[in-house]
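Below is one structure, written out as structure tokens, with a few remarks after it.
The values are calculated or read from the model by the stated rules, or taken from the named source; none is laboratory data. Treat the numbers as computed from the prediction; the structure is a model and nothing was measured. Neighbour counts are summed over all protein chains in view; Cβ atoms, including those assigned to glycine, are modelled from backbone coordinates with ideal geometry. Protein only, heavy atoms only, side chains kept; ligands, DNA and RNA dropped before computing areas. Shrake-Rupley method; radii C 1.70, N 1.55, O 1.52, S 1.80 Å.
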Amino acid sequence: MSKTIFITGAGSGLAKGAALGLAKEGHRVIAPVEIAPQVTELREAAKAEGVELEVFKMDITNPQDLAQMLDYDFDIFVANAAINEGGPLGEVPMANFRKLFEVNVFSTLETAQIAAQKFVAKGKGKIIFMSSMAGIMATPYVGPYTATKHTIEAIAQTMQKELKEFGVQVATINPGAYDTGFNDRSAEAKWKWYDEDLHFTKKADMEEADKALEDQYDPADMIAKMVEIIPQDSHKFRTAYPPETEKQMKEEEAQRWEMDI
């Protein structure tokens with residue numbers, strides 16, 4: 001059955017691919033993007049794929065942009081828009097850290113609240129938070145982003161319990177490390193402020209950690225999983241993918257109960 005799906009931050013990465021893929025499957029996809037140039041790019045991509053998307057600029061931190069959500073009726077809301085930045089938590093500039101929370105947590109929750117109000121009014125609907133393996137796991141020098149995704153996990157779990165009685169479903173999708181450029185840009189960001197002469201974190205340690213990005217997964221696989229899961233009427237609360245990532249997440253959660261400091 002065709003659904004109307006609203007997915008934020010659809011101008012790039014996994015969400016762009018999912019928006020196009022969902023449209024190919026016959027769903028009506030409302031696909032706002034962060035900045036104006038992405039409007040043209042996504043419309044051209046949709047035209048090239050022979051599908052229709054409703055594309056417009058909606059920076060979720062901009063109240064005027066955000067108000068556009070009120071004009072749409074949809075069955076499923078995917079809270080995807082996010083930014084990423086790495087760096088050691090003991091030294092990351094707080095302005096950078098606050099910016100991540102402003103986008104990934106506060107503004108994301110604000111979009112989810114709008115969706116929740118719409119869904120409660122009609123007694124049905126589904127909110128999917130795009131989380132991450134970082135919502136469960138902790139990786140050195142990815143702490144700023146990890147902190148926001150841990151928060152998203154708490155928000156999703158709480159809203160699932162609070163909204164169930166109103167007929168509203170809540171879930172998360174937790175991708176592993178996919179080669180969209182999102183993770184690479186995050187790794188690069190810390191070098192803008194890091195100074196080896198001023199900071200105690202060792203440059204060599206961070207460079208070594210960045211090598212993990214040399215072996216990321218093919219985004220096409222995650223996009224296909226999103227296209228499969230997002231429209232479904234029933235599925236698991238958490239969809240972690242690929243299976244290797246799900247296994248890692250479960251193992252790390254179990255280890256936290258046993259580890260000593």
Condition broken by HIS150, with the remaining ones in (1) closer than 15 Å to MET249 by Cβ; (2) open to solvent by less than 40 Å² (accessible area, probe 1.4 Å) satisfied: (2)
Considering residues of the range 92-132 that are in contact with a Pro (Cβ under 7 Å, 6 or more places away or on another chain) and among the hydrophobic types (A, V, I, L, M, F, W, C) only, the residue nearest to GLN232 (Cα to Cα): LEU100
Selection from the range 69-92 of residues that are touching a strand residue (DSSP E or B) at 6+ places or on another chain (Cβ under 9 Å) and either of a type outside the set (D, E, K, R) or without any contact (Cβ under 8 Å) to a residue 40 or more places away in the chain (or both): MET69, TYR72, PHE74, ILE76, PHE77, VAL78, ALA79, ASN80, ALA81, ALA82
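Condition check ((1) in contact with a Pro (Cβ under 6 Å, 6 or more places away or on another chain); (2) open to solvent by less than 20 Å² (accessible area, probe 1.4 Å); (3) farther than 20 Å from VAL103 by Cβ) across all residues:
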residue: GLY13; (1), (2), (3): no, no, no
residue: VAL29; (1), (2), (3): no, yes, yes
residue: GLU34; (1), (2), (3): no, no, no
residue: THR40; (1), (2), (3): no, no, yes
residue: ARG43; (1), (2), (3): no, no, yes
residue: GLU49; (1), (2), (3): no, no, yes
residue: PHE56; (1), (2), (3): yes, no, no
residue: ASP59; (1), (2), (3): no, no, no
residue: ASN62; (1), (2), (3): no, no, no
Test result for GLY17, at positive phi, at pLDDT 95 or above and not β-branched (Val, Ile, Thr): no
Candidate set: the range 179-228, residues that are in contact with an Asp or Glu (Cβ under 8 Å, 6 or more places away or on another chain) and among the basic types (Lys, Arg); chosen: the one surrounded by the most Cβ atoms within 10 Å (Cβ to Cβ): LYS190
Single unsatisfied condition, ASN84 versus (1) touching a Gly at 6+ places or on another chain (Cβ under 7 Å); (2) closer than 30 Å to ASP195 by Cα: (1)
Residue within the range 121-138 that is within 24 Å of ASN62 (Cβ to Cβ), touching a Phe, Trp or Tyr at 6+ places or on another chain (Cβ under 7 Å), β-branched (Val, Ile, Thr) and assigned to a helix (DSSP H, G or I) present: no
